[in-house]
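What follows draws every value from the coordinates through simple rules; no lab data is involved. Computed from a prediction, not measured in an experiment: that's the story for all the values here. Cβ sites come from the backbone with ideal geometry, for glycine too, and all protein chains shown count toward neighbours.
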Amino acid sequence: MIINGKKIAQRILEEVKEKLQKSEKKLWLAAVLVGQNLELKKFVELKKKAAEEIGIEFRTYEFPENVTENQLEKELNEIAEDETVNGIIIELPLPKHLNTQCLLNTIPEKKDIDVLSKKSQDAFFAGKSKILPPAVEAVKQIFEEYKINPKGKTAAIFGYGLLVGELVSHWLVNQGATVSIITEHVKEPEKISKETDIIVSGVGKQNLITEDMIKDGAIIIDFGKDADFESISQKTSLITPPVGGVGPIVVASVLKNLIELWEI
């Protein structure tokens, strides 16, 4: 079965819109974009469109690729201190000359809807966060929609990045799954993945996961367009498509986090 991410996202957005209309509170979301990465620009536009459709104001702050860390940190502090801004997103990845974590740490916990500052992450790992990181929320929403209980299941996480692998693996362990992490240092990943019930991938490498690497009936949640969808989809019990899969759910989860942090 192919996971209908658009349907799940629409349900979340309708719930958010209803809560906003009842509260009559005006929320502003700020997105920070560095450089000319077209994929990131496209993702920002999707967030902007979804936000404005449900009544959330959206501002994009764009900076050149060669912005210095000091310059960007100063600008981020100003955005963070702006009382009209309720949530802040820093689009990743940032250029390599910038210290990503230091810049993420400028976001106050109350405005950190991506759960990426050190404070927000510490709260998440300690089980004290009011919200889940958007990638984790997306996995949770998929499981709820298709009535999947991860407890007692095996899971393989391809990639251990900041946005997907590290956070989703932690959450799955807490849900009672047995989790294996597959990075570039694992020599024969197929030996692990072929025995696994759930595969979550966020590497960003086309055809990284092929049909011979999974077992019949596996569940595939693909954040990085890593799976060879055409061949794999015949073998899985559930799979996210490369378009209309996890992307819309992540966008909706960001907006859900915004209203939850502001207790609407």
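At a glance:
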item	result
Cα gyration tensor category, rounded, prolate or oblate, for the stretch 23-114 with a/c compared to 1.5	oblate
Relative contact order %, the stretch 134-247, counting alpha carbon pairs below 8 Å whose residues are six or more apart	22 percent
Three-way shape label, the stretch 134-247, alpha-carbon gyration tensor, a/c 1.5	rounded
Cα Rg over Rh - the chain, Kirkwood	0.97
Label zone at Glu75 (point 7 Å along Cα-to-Cβ), backbone N below 17 Å, the stretch 98-121	98-107
Along the chain, longest interval not containing exposed GluC sites (Glu not before Pro), exposed being DSSP loop plus at most 15 other Cβ atoms within 10 Å	84-183
Whether the stretch 101-186 is rounded, prolate or oblate, judged on the alpha carbon gyration tensor where a/c under 1.5 counts as rounded	oblate
Longest DSSP-loop-exposure-free segment, trypsin sites (Lys or Arg not before Pro), the chain, at most 10 other Cβ within 10 Å	1-95
Violating pairs (Cα-Cα greater than 22 angstrom) within the set Lys111/Lys256; Lys7/Lys48; Lys26/Lys140; Lys48/Lys96; Lys19/Lys256	Lys26/Lys140; Lys48/Lys96
Eligible aspartates and glutamates near Lys194 by straight Cα distance, threshold 13 Å, same-chain separation 8 or greater	Glu211, Asp212, Asp216
Sum of -39500 (n - 2.57) over DSSP H runs of 4+, divided by residues of the chain (222 nm, nearest 500)	-12500 deg cm²/dmol
